[in-house]
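Q: Have a look at this one.
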Amino acid sequence: MISLKRPKTDLPWLDEVGLGKTKPYYHTKLGAAFLGDSLAGMKKIPSESVDLVFTSPPFALTRKKEYGNEPIERYLEWFIPFCEEIKRILTPEGSFVLDIGGSWIPGAPVRSMYHFEVAIHLSKMFHLAQDFYWYNPSKLPTPAEWVTVRRVRVKDAINTVWWFSKTEHPEADNRRVLVPYSDSMKSLIKNGYKAKKRPSGHDISKKFGKDNGGAIPSNLLTIANTESNSAYLRLCREFGIKAHPARYPAKLVEFFVDYLLDPDYESLILDPFGGSNVTGSVAEERGHRWLSFEQEDEYMRGSMLRFLEGPLFTDPRVRSVITGESAPRG
Ligand SMILES: C[S@@+](CC[C@H](N)C(=O)[O-])C[C@H]1O[C@@H](n2cnc3c(N)ncnc32)[C@H](O)[C@@H]1O
């Protein structure tokens with residue numbers, strides 16, 4: 001799937017989105033990944049051309065990750081210019097979904113409000129279509145000092161996922177993300193439901209017992225972020241590449257791609273903080289076009305592994321592109 005001819009792509013639509021003259025690091029059938037600063041990259045993209053921006057920027061963390069994180073005090077100042085570009089390039093009915101984790105005040109068992117400040121600021125630029133909460137049951141108990149050593153705080157296992165839009169009515173359909181019915185709902189559907197008023201005063205009509213193919217999900221998304229056996233991690237080990245330390249699970253991206261994009265159209269999805277390019281790989285798998293920016297070369301090389309298939313990864317030329325070593329001659 002990966003093309004090794006890097007200078008030119010066979011993606012004619014890159015011209016339409018202003019990136020025809022920018023050399024992608026790699027491209028696939030449906031998308032292209034660019035190494036470098038996404039703020040500069042997004043400035044090349046014409047207005048109203050991206051249907052969904054799905055991303056997770058570096059959070060303002062007390063303990064910095066290896067790719068650098070902005071301190072809490074400077075976070076908004078750093079992040080807002082990216083959001084201004086995102087607003088400009090989004091189509092009128094498009095969505096901007098932002099996965100952003102919370103943070104602690106350095107040296108104290110006290111929470112920062114920075115991710116709420118981001119939401120408040122952005123709700124003045126966009127509409128907050130809905131707030132989502134991603135619960136990761138496999139989250140580690142940190143900060144260790146407060147959670148496992150002094151035992152005065154509990155695990156912080158929720159990331160806020162803010163869904164912003166330019167209009168009050170962005171493209172969305174919850175029928176595309178139905179979840180299995182609970183056992184009690186299944187038996188209601190099977191045995192019928194007597195319409196009556198609830199103690200809360202809500203009038204539950206007969207329609208309640210109808211089988212709609214699944215239940216409407218809530219804004220609490222429970223998705224364990226465990227993938228110790230994933231193809232990506234196995235191939236990272238195989239090629240001696242450091243895996244990205246802050247990946248989100250594909251299921252999180254899949255939920256919003258399915259919910260917010262019409263599957264009958266080939267939409268364009270952008271991730272300005274691509275990391276290991278989970279977003280691009282979900283877009284590819286769902287048949288949507290994608291663009292991804294990442295500023296670290298090693299994460300970019302690792303992200304190519306998400307698109308390798310079958311015998312490709314034993315090809316010495318592919319190996320040399322990914323490991324950065326020169327290819328064997330002949
Ligand atoms: C939280 S990680 C994204 C992880 C990604 N969602 C995944 O699942 O692999 C944020 C990424 O943004 C990258 N980054 C930070 N500033 C950037 C910029 N100005 N342009 C492009 N990438 C940037 C960092 O190197 C880091 O890999």
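Q: Between P58, P137, P12, find the one with the highest GNM mean-square fluctuation for the chain; connect C-alpha pairs within less than 10 Å.
A: Maximum fluctuation in the GNM of the chain, among the listed residues, is at P12.
Q: At a Cα cut-off below 15 Å, give the aspartates and glutamates reachable from K251, other chains included and same-chain residues fewer than 8 away excluded.
A: D99, E227, E284, E285
Q: Quick one: Karplus J couplings for region 209-219, per residue in order, coefficients 6.51, -1.76, 1.60, θ = phi - 60°, nearest Hz, x for Gly and Pro?
A: Per residue, the Karplus-derived 3J(HN,Hα) values read x, 7, 7, 9, x, x, 8, 6, x, 9, 8 Hz.
Q: Separate question: Could you work out which residue, out of R198, R153, R176, moves most in a Gaussian network model of the chain, that is, has the largest mean-square fluctuation with Cα springs under 10 Å?
A: Residue with maximal mean-square fluctuation among R198, R153, R176: R198.
Q: Still on this structure: For L221, what residues show an amide H to amide H distance below 5 Å, using hydrogens built from the backbone and excluding near sequence neighbours?
A: Those qualifying (amide H under 5 Å, at least 5 residues apart or on another chain) are Y133, W134, Y135.
Q: With θ set to phi - 60° and the Karplus curve 6.51 cos²θ - 1.76 cosθ + 1.60, what are the ³J(HN,Hα) couplings of region 90-100 in order, to the nearest whole Hz, using x for Gly and Pro?
A: Values, residue by residue: 6, 5, x, 9, x, 10, 10, 10, 10, 8, 9 Hz.
Q: Round to the nearest 10 and give me the degree value, 0 to 90, for the angle of helix 75-89's Cα axis relative to the longest principal axis of the chain.
A: 90
Q: What does the charge add up to near F54, with Lys and Arg as +1, Asp and Glu as -1, over the other residues with Cβ less than 9 Å from its Cβ? Write down the numbers at each step before the final one.
A: Values: positive: none; negative: D99, D271.
That works out to -2.
Q: So, one more: More than 22 angstrom separation, counting every C-alpha pair in region 152-266; what % is that?
A: Details: 3874 of 6555 pairs.
It works out to 59 percent of all Cα pairs.
Q: Please list 275-284, 21-30 highest first by mean number of surrounding beta-carbon atoms within 10 Å per residue.
A: The peptides rank, most packed first, as 275-284, 21-30.
Q: Ok, one more. Return the single residue from A215, A246, A108 with maximal mean-square fluctuation; model: Gaussian network over the chain, springs between Cα atoms under 10 Å.
A: A108
Q: Only Cα pairs under 8 Å and at least 6 apart count here; give the relative contact order of the chain as a rounded whole percent.
A: In percent, rounded to a whole number, it is 21.
Q: For the pairs K87/K139; K23/K242; K21/K87; K166/K210; K43/K139, note any where the Cα-Cα span goes beyond 28 Å.
A: Violating the 28 Å Cα-Cα cut-off are K87/K139; K166/K210; K43/K139.
Q: Under 16 Å Cα-Cα from K194, which aspartates and glutamates qualify once same-chain neighbours fewer than 8 residues away are excluded?
A: Once the sequence-local aspartates and glutamates are set aside, what remains near K194 is D203, D211.
Q: Kindly list the residues of region 117-140 that lie in the label zone of A224, defined by a backbone N under 19 Å from the point 7 Å along the Cα-to-C-beta vector.
A: Residues 134-140 fall inside that zone.
Readers should treat all values here as calculations from the given coordinates under stated rules, not as data from a laboratory. Just so it is clear, the model here is predicted, and its values are computed rather than measured. Counting neighbours? That spans all protein chains shown, and the Cβs are built from the backbone with ideal geometry, glycine included.
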